[in-house]
Amino acid sequence: MSAVLGTAASLADTRQRSEGVWHAAWRRFKTDRVGFVSLLIVLAFLVLIAASALGLVAKDWQREVGVPNAPPTLLGPAAPQDTGAIESPKGPNVDLSDIDPLAPRYKEWDERAAQFKTTETVKAQTLPLGADRLGRDVLDKAIKGTEVSVFVGVLAAVVATGLGTLLGAFGGFFGGKIGDFLEWLYNVFESIPGILLIFAFAAVFGRGIGTVVLILGLTGWTGMYRQVRAEFIKHASREYVRSAEAIGASTMSRMFRHILPNVSHVVLVRMSLLTVGFIKAEVILSYLGLGVPIDQVSWGTMLSEAQSELILGHWWQLAAATLFMAVFVTAFSLMADALRDALDPKLRGLD
């Protein structure tokens, strides 16, 4: 009797200690220090993006708050430059009205200019990360550019993930003519160089944030389709799916309630990789003038503007955009790698 009670208690304790797939994945993820620190960095960027979207920071990024090309604060104000102005000749025997009919108005114009200078807003000589050629704060532009670039990358990844997952599920589960048609569509998109396909869509749809999201989503679904299709082919013949069919589960139920949760780790990891790739693609498109409109700012437009400033030795806008982009993309990539390892079913038996 005591043995039976001990066995029952052991089984109850085992059930109590058992954890779900996502809980186990989170536990494994926390043990990866690089991945966890990368997650914190990504969350910090997301908080910054939310604050920018709500107008709490970088609200007035278009204002000219500094002198043109004001250097970063650490460098100090730029040295005053000689304007090369030539003073008018002065002397008791010099009457400029004889040689210049506008000379009597000079004094009046000087007084008006002095009055205007006293009422004009004083612009900063230096800013934390410097100013661009119009005097706009580079730090505010980098924060606003982060909002736009990350928003475009994430939303485009959602579009590509949804399209690729849906088509891959139908192609892998049904096969036959549906699978052949989807394979033909996949091969058509894969046969065209990706950059040319993006340029073609950009030329047709024009510029704009929504357009960039649509372009990247329509051209980036093929990788997701290939992986999801392979997973659905593998899972469609497994016992749990056949058991669901035997008890009367519908086709859609078997596809999206039984198979899809078991391949969600593949979808999630692939989506994180697509986000990184789409952020880079948006930067390239905006740099080439095919991305966000001119009244918006992104990392790509900042790099494009910095190209002409760099010739004059004004490197701070290039450095700010590169720093923000490098930190976020690197952290997101490391987080995606750690997430892939945590969700890998082959590692679940190693806990």
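Each Lys or Arg adds one and each Asp or Glu subtracts one; over the other residues with Cβ under 13 Å from the Cβ of Leu310, this totals -2. The Leu54 and Val327 beta-carbon pair, evaluated with R₀ = 25 Å, returns a calculated FRET efficiency of approximately 0.70. Of the peptides 287-295, 272-280, 207-215, 247-255, the order by per-residue mean of other Cβ atoms within 10 Å, starting with the highest, comes out as 272-280, 207-215, 287-295, 247-255. Distance between the modelled labels on Phe181 and Glu239, one decimal in nanometres: 3.6 nm (7 Å Cα→Cβ projection).
3J(HN,Hα) couplings calculated from phi for segment 236-253 with the Karplus curve 6.51 cos²θ - 1.76 cosθ + 1.60 (θ = phi - 60°) are, in sequence order, 4, 9, 7, 5, 5, 6, 5, 5, 5, 5, 5, 8, x, 5, 6, 4, 5, 5 Hz; Gly and Pro show x. When peptides 57-65, 162-170 are ranked by their average number of other Cβ atoms within 10 Å per residue, the highest-first order is 162-170, 57-65. Listed cross-link partners Lys144/Lys280; Lys59/Lys123; Lys30/Lys59; Lys177/Lys280 are compared with a 28 Å cut-off, the Cα-Cα value being larger for Lys30/Lys59; Lys177/Lys280. Seen from Ile215, the other residues with C-beta closer than 15 Å to its C-beta sum to a net charge of +1, counting Lys and Arg as +1 and Asp and Glu as -1.
Determine the gain in length on full extension of the stretch Phe174-Ile192; use 0.36 nm per residue of separation and subtract their C-alpha separation, reporting nm with one decimal.
Details: separation 18, 0.36 × 18 = 6.48 nm, distance 2.64 nm.
Additional length available on full extension: 3.8 nm.
Each value in this text was obtained by applying a stated rule to the coordinates, not by laboratory testing. No experiment lies behind these values; they were computed from the predicted model shown. Every residue, glycine among them, receives a Cβ derived from its backbone with ideal geometry; neighbour counts consider all protein chains shown.
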